[in-house]
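Take a look at the structure below.
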Amino acid sequence: MERVLDVEDLSRRYGPMVLRRCRQLLRNEDEAIDACQDVFVRLLENRGRLHGGQPSSLLYRIATNLCLNRIRDRARQPETPDEQLLFRIASAETPGGGSDARLLLDRLFRRHPESSRTMAVLHFVDGLTLEQVAVETGLSVSGVRKRLKRLRQTLAEMDR
């Protein structure tokens, strides 16, 4: 019989790690605290379906995905007039550096599993080694290397 996760214990043990991750991605203390709490709320809501193996990896992945979703949502709803202008420029359909890059990334990641996007963020944005990404995603180092290689190959094919 599988053990139900003890969310309170996990919160005490891994809360600081989750909060650091949220701060790192969101770069806003209040939003990071909210996101950290949301991570444990999600864990609590789904504790019957989740397994207790490698809780740090699970929590790191939940925090990363939740923060990336918040960043996407933030981009969709700018808070100030200046941010609204920057958002309109960045999301313009006409040729421009920001929108071209965004379109290219959207096309690239649509061709690969969501977990490949997570691996790319962990490795290329956060600077984690292949070994660290493997631990966080639950894959082998060679599996991570292959996924990132496929992303590079797809990008090269799209660039032709």
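The values are calculated or read from the model by the stated rules, or taken from the named source; none is laboratory data. From a predicted model like this one, the values you see are computed outputs, not experimental measurements. No Cβ is skipped: glycine too gets one built from the backbone with ideal geometry, and neighbour counts run over all protein chains shown.
Could you please find all residues in segment 119-145 being of a type in the set (S, T, N, Q), exposed (fewer than 13 other Cβ atoms within 10 Å of the Cβ) and in a helix (DSSP H, G or I)?
Filtering segment 119-145 down to residues of a type in the set (S, T, N, Q) leaves 129, 132, 137, 140, 142.
Within this subset, residues satisfying the condition of being exposed (fewer than 13 other Cβ atoms within 10 Å of the Cβ) are 129, 140, 142.
Correct list: S142 only.
Starting from residues that are of a type in the set (A, V, I, L, M) and assigned to a loop (DSSP other than H, G, I, E, B), keep the ones in segment 1-17 and report whichever is farthest from V133 (Cα to Cα). Lay out the reasoning, then the answer.
Pass one, segment 1-17, residues of a type in the set (A, V, I, L, M): 1, 4-5, 7, 10, 17.
Among the residues that remain, those that are also assigned to a loop (DSSP other than H, G, I, E, B) are: 1, 4-5.
Values: M1: 30, V4: 26, L5: 24 Å.
Of everything passing the filter in segment 1-17, M1 is farthest from V133 (Cα to Cα).
Just one of (1) out of contact with any Lys or Arg (no Cβ under 8 Å at 6 or more places or on another chain); (2) part of a helix (DSSP H, G or I); (3) at pLDDT 75 or above trips up S116, so point out which.
Every condition holds for S116 apart from (1).
Report, by residue number, each residue of segment 131-160 that is without any contact (Cβ under 8 Å) to a residue 12 or more places away in the chain and of a type in the set (S, T, Y).
Passing the criteria: S140, S142.
Specify the residue that is farthest from the chain's Cα centre (by Cα); the eligible residues are those in segment 18-49 that are loosely packed, with under 15 Cβ neighbours inside 10 Å and within 22 Å of L128 (Cα to Cα).
This residue is N28.
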